[in-house]
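Participant: Below is a structure I'd like to ask you about.
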Amino acid sequence: MKRWVFLTGALLLSISGFGQNFAIKSNILYDATSTINLGFEYALSDKLTLDVGVNYNPWVLQKELDPRSGDVVSEGKIKHFMIQPELRWWMCEKFNRHFVGVHAQYAQYNVGGLSFLPAGWGDHHNDGIQNKRFEGWLGGTGVSYGYHLVLASRFSLEFTLGVGYAYMQFDKYNCEKCSSEKLSSSTMHYIGPTKAGITAVFMLK
């Protein structure tokens with residue numbers, strides 16, 4: 001009996017100590033694009049934390065139908081899976097106020113047919129994501145700045161913006177039913193925003 005009391009007490013203390021250094025998160029900006037996302041952040045020291053975000057979007061956002069047959073002639077989607085770990089250094093203390101970070105990212109994507117975008121946006125001579133579909137993967141890295149605003153003992157808001165580099169490989173298709181013959185294969189070097197977030201944070205305590 002004493003052994004069980006001791007083990008139970010040790011387990012509760014362990015969970016409590018872990019919880020004071022652990023947060024569960026969801027990026028409201030990604031939620032707005034129907035992207036399922038979940039983040040975890042764990043304290044490595046008083047000023048260092050490791051943040052890991054995972055995003056998944058399996059949805060078709062838009063369908064265009066043939067008015068005569070009713071068949072689907074085009075699909076608009078931003079289907080993707082992405083993981084983005086980040087090491088953060090806090091200027092004051094962990095999970096409070098300003099921080100800077102270094103992140104990496106890997107994603108697989110299937111994006112295109114987004115005709116609801118403003119005319120000309122990302123569409124060069126009918127060759128962009130309004131009229132074509134791009135399927136491939138990317139890997140990259142970047143730096144970020146953020147601010148953690150404590151609202152209550154367990155709830156916070158986090159504001160983050162990051163820039164960096166990504167290498168992309170993709171195949172290009174026409175968007176008719178998004179299953180047409182491949183047009184080309186390409187690579188691209190991207191420099192620009194790599195991270196953005198207004199994130200709801202729940203601290204485990």
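Participant: Could you list, in sequence order, the residues of the stretch 21-37 that are in a strand (DSSP E or B) and within 17 Å of residue 154 (Cβ to Cβ)? I'd like the intermediate steps shown before the answer.
Facilitator: Going residue by residue through the stretch 21-37, those that are in a strand (DSSP E or B) are 22-27, 36-37.
Those that are in a strand (DSSP E or B) and within 17 Å of residue 154 (Cβ to Cβ): 22, 23, 24, 25, 26.
Matching residues to (1) modelled with pLDDT of 95 or more; (2) in contact with a strand residue (DSSP E or B) (Cβ under 8 Å, 6 or more places away or on another chain); (3) surrounded by 16 or more Cβ atoms within 10 Å (Cβ to Cβ); (4) under 24 Å from residue 54 (Cβ atoms):
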residue: 98; (1), (2), (3), (4): yes, yes, no, no
residue: 103; (1), (2), (3), (4): yes, yes, yes, yes
residue: 128; (1), (2), (3), (4): no, no, yes, no
residue: 135; (1), (2), (3), (4): no, yes, yes, yes
residue: 139; (1), (2), (3), (4): yes, yes, no, yes
residue: 172; (1), (2), (3), (4): no, yes, yes, no
residue: 175; (1), (2), (3), (4): no, yes, yes, no
residue: 197; (1), (2), (3), (4): yes, yes, yes, yes
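Participant: Among (1) outside any strand (DSSP E or B); (2) closer than 25 Å to residue 77 by Cβ; (3) open to solvent by 40 Å² or more (accessible area, probe 1.4 Å), there is one condition residue 186 misses while meeting the rest; what is its number?
Facilitator: Only one criterion is unmet by residue 186, namely (1).
Participant: Here's another thing I want to ask about it. Would you call residue 56 within 18 Å of the chain's Cα centre (by Cα), open to solvent by 80 Å² or more (accessible area, probe 1.4 Å) and not β-branched (Val, Ile, Thr)?
Facilitator: yes
Participant: Kindly check whether there is at least one residue in the stretch 110-117 that is in contact with a Ser or Thr (Cβ under 6 Å, 6 or more places away or on another chain), part of a loop (DSSP other than H, G, I, E, B) and modelled with pLDDT under 90. Reasoning before the result, please.
Facilitator: Step one: of the stretch 110-117, the residues in contact with a Ser or Thr (Cβ under 6 Å, 6 or more places away or on another chain) are 113.
Subset that is part of a loop (DSSP other than H, G, I, E, B): 113.
Imposing the further condition that a residue be modelled with pLDDT under 90 reduces the set to 113.
The answer is yes, given that some residue of the stretch 110-117 is in contact with a Ser or Thr (Cβ under 6 Å, 6 or more places away or on another chain), part of a loop (DSSP other than H, G, I, E, B) and modelled with pLDDT under 90.
Participant: Cβ-Cβ below 6 Å, separation at least six or inter-chain, first residue in the stretch 78-95 and at pLDDT below 95, second small (Gly, Ala, Ser) and outside any strand (DSSP E or B): which pairs?
Facilitator: Going by the 6 Å Cβ cut-off, there are no qualifying pairs.
Participant: OK, next. Just to be sure, is residue 39 surrounded by 12 or more Cβ atoms within 10 Å (Cβ to Cβ) and at pLDDT below 95? Write out each step before concluding.
Facilitator: On the way: surrounded by 12 or more Cβ atoms within 10 Å (Cβ to Cβ): yes; at pLDDT below 95: no.
Answer is no for this residue.
Participant: Considering only residues that are more than 30 Å from residue 62 (Cβ to Cβ) and outside any strand (DSSP E or B), which ones fall in the stretch 128-146?
Facilitator: Quick first cut of the stretch 128-146, residues more than 30 Å from residue 62 (Cβ to Cβ) only: 141, 143-146.
Answer for the stretch 128-146, where residues must be more than 30 Å from residue 62 (Cβ to Cβ) and outside any strand (DSSP E or B): there is none.
Participant: Is there a residue in the stretch 164-179 that is small (Gly, Ala, Ser) and assigned to a strand (DSSP E or B)?
Facilitator: Yes, some residue in the stretch 164-179 is small (Gly, Ala, Ser) and assigned to a strand (DSSP E or B).
Participant: Another question, then. Quick check on this structure: which one of 161, 157, 149 is in a strand (DSSP E or B) and open to solvent by 80 Å² or more (accessible area, probe 1.4 Å)?
Facilitator: Working: 157 fails: open to solvent by 80 Å² or more (accessible area, probe 1.4 Å); 149 fails: open to solvent by 80 Å² or more (accessible area, probe 1.4 Å).
After ruling out the rest, the residue left standing is 161.
The values are calculated or read from the model by the stated rules, or taken from the named source; none is laboratory data. Just so it is clear, the structure is predicted and the values come from calculations on it, not from any experiment. Backbone-built Cβ (ideal geometry, glycine too); neighbour counts: all protein chains shown. When the accessible area is computed, the model is the full protein with side chains, heavy atoms only, and any ligands, DNA or RNA have been set aside. Shrake-Rupley method; radii C 1.70, N 1.55, O 1.52, S 1.80 Å.
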